[in-house]
Amino acid sequence: MLEDLAKRHELVSDLFKVPKSREEWEQYQLTEDQVEFYHENGYLAGIKILEDDQIEALRTELSLLVDPDHPGNSLFYEYNSNESADPSRILFHALGHWRITPGFHDILWSPAYTMAAYQLLGGPVRFWHDQIFYKPAKDGGVVAWHQDYSYWTRTIPLNHLTCWIGLDESTLENGCVHYIPGSHKWDLLPITGLAGDMDAIKEALTKDQFEKLLNPFPVELEKGYASFHHGLTIHGSFENSSPRPRRAAVINAFIDGTRSDNAEPMLEGTDAIPVGKGMGGTFYPLLKENLY
Ligand SMILES: O=C(O)CCC(=O)C(=O)O
């Protein structure tokens, strides 16, 4: 078995560099307008995270990780590959790859990500978990409308942030993420499923909310660029009807001080965090403690 990179809370490769001075950090800093836009709308799009060589390295790692016989396979928290059974589902959705390959480990400390995350959360950034959403070419799978926090209520209170980073350009044709602007101000909605019926959430919405669902904002991005969203922002994505894959690396985080509300291990194969205790330890590293 491979080394579990979760034990390493620092860079393990040369792919990224952590700035050493305030000046070096400042190049990544969001403007006040961007932070305000996020708080108003529940998302912020168009933040560059990756250079081309970093994208190539991550694509190569991903091409190895999708092999069910990859030697690091037992370290995934979740691994949903669906080569045959149900063509309406996304082919590959996994959690935990930061434990397995150096690039997906080190991307958590990429300065453009940690700086933006610090500003949008309003304080120190603690890692929750990662995700890969890989839609193969001509894949019929959708990611149905949902709020991320509906899956995360075992961690409290809510101050959670998702960063979606494209390893390919994302377009309307290949199933880019769509947001419902302002939906982060709605109540927490029940889980209505991620696969299959795009509109399953409809049953939980008021008439007014449903009308807003009919006018989503599509986030089209160049490869290497990211969008950020709040834990309550409703989002989803349609099928990839293009002849190319649409691959994305997602980082989920919360503000430091977020506590466990669940006595069981939060993710498969991890240590339990007692109820009331701050999230931390091997699986939940602090990614950025101070602004500079
Ligand atoms: O990549 C997608 O299509 C869905 C992403 C998503 O649901 C998320 O980042 O929370």
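General observations
- Counting the residues of segment 206-223 that are surrounded by fewer than 20 Cβ atoms within 10 Å (Cβ to Cβ) and either on the phi > 0 side of the Ramachandran plot or not in a helix (DSSP H, G or I) (or both) gives 9.
- Subset of segment 145-177 [surrounded by fewer than 23 Cβ atoms within 10 Å (Cβ to Cβ), assigned to a strand (DSSP E or B) and within 9 Å of the ligand (Cβ to nearest atom)]: His146
- Tally of residues being surrounded by fewer than 22 Cβ atoms within 10 Å (Cβ to Cβ) and in contact with a strand residue (DSSP E or B) (Cβ under 6 Å, 6 or more places away or on another chain) across segment 134-144: 2
- Scan of segment 191-208 for residues that are among the hydrophobic types (A, V, I, L, M, F, W, C) and either free of Cβ contacts under 8 Å to residues at least 24 places away in the same chain or touching a Pro at 6+ places or on another chain (Cβ under 7 Å) (or both), ordered by number: Ala204, Leu205
- Residues (more than 10 Å from the ligand (Cβ to nearest atom) and either under 15 Å from the mean Cα position of the chain (by Cα) or not in a loop (DSSP other than H, G, I, E, B) (or both)) located in segment 235-266: Ala253, Phe254, Ile255, Arg259, Ser260
- Counted as qualifying within segment 1-79 are no helices (runs of 4 or more DSSP H), as none has 3 or more residues that are touching a Pro at 6+ places or on another chain (Cβ under 7 Å) and at pLDDT below 95.
- Meets criteria (crowded, with 19+ Cβ neighbours inside 10 Å, closer than 16 Å to Gly166 by Cα and in contact (Cβ under 8 Å) with a residue 24 or more places away in the chain) for Phe254: no
- Residue, farthest from the ligand (Cβ to nearest atom), within segment 178-205, restricted to residues that are among the aliphatic types (A, V, I, L, M) and part of a helix (DSSP H, G or I): Ala204
- Considering the conditions (1) within 15 Å of the ligand (Cβ to nearest atom); (2) crowded, with 22+ Cβ neighbours inside 10 Å; (3) among the polar types (S, T, N, Q), Thr114 is excluded by exactly one of them, (1).
- The single condition among (1) within 23 Å of Leu161 (Cβ to Cβ); (2) in contact (Cβ under 8 Å) with a residue 40 or more places away in the chain; (3) away from the ligand (no atom under 16 Å from the Cβ) that Gly278 does not meet is (2).
- Filter pass, Tyr284 being buried (at least 17 other Cβ atoms within 10 Å of the Cβ) and in a loop (DSSP other than H, G, I, E, B): yes
- Asp168 vs. criteria touching a residue at least 40 places away in the same chain (Cβ under 8 Å), in contact with a Phe, Trp or Tyr (Cβ under 7 Å, 6 or more places away or on another chain) and among the acidic types (Asp, Glu): no
The values are calculated or read from the model by the stated rules, or taken from the named source; none is laboratory data. Only a predicted model underlies this, so the values are computations on that prediction, with no experimental measurement involved. As a convention, Cβ positions derive from the backbone with ideal geometry for all residues, glycine included, and neighbour counts pool all protein chains shown.
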